[in-house]
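The values are calculated or read from the model by the stated rules, or taken from the named source; none is laboratory data. These numbers were taken from a predicted model, which means no experiment stands behind them. All Cβ positions, even for glycine, are placed from backbone atoms using ideal geometry, and neighbour counts span all protein chains on display.
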């Protein structure tokens, strides 16, 4: 928050805080889709913990990002979207629920497979040094499905690294 944040009306400060939290959630999706560990680390506060369930990952947030990026490097393509973001504030703490839609393509025993997961991130946030970061995340899986995939007629143009065209765009070179 800027030094003059105390001079802003509370409603304006809350809108800015809500936008910073929303941007961090979007950044998480970008980080895992581009397999960008350093970007993924930026949304968490030091010591943050996660619980994605016994079959996925329970531990520290940095370990989660490493685990996701390592597993996503083995995939063909993936796309994560966040929606229905609800944020409540309690001073320097906030709580959010965000719906997640994850679609991944991967090879399994020579067959292209589609994995779709729908669920919610339940996050506890705190503002530290003027920046909102996640202290704790719980992933709630609402449902998922795995089935053989039949590629469409439009070939993917993504890359799973910082060579993706979005990095060129944000560098002002596109």
Only unsatisfied item for residue 135, checking (1) in a loop (DSSP other than H, G, I, E, B); (2) modelled with pLDDT of 95 or more, is (1)
Any idea which residue in region 71-122 is surrounded by the most Cβ atoms within 10 Å (Cβ to Cβ), counting only those that are on the phi > 0 side of the Ramachandran plot and out of contact with any strand residue (DSSP E or B) (no Cβ under 6 Å at 6 or more places or on another chain)?
91
State whether one or more residues within region 79-89 are over 13 Å from the mean Cα position of the chain (by Cα) and modelled with pLDDT under 95.
no
Residue check, residue 11 against (1) surrounded by 15 or more Cβ atoms within 10 Å (Cβ to Cβ); (2) free of Cβ contacts under 8 Å to residues at least 60 places away in the same chain, all met but one. Which one?
(1)
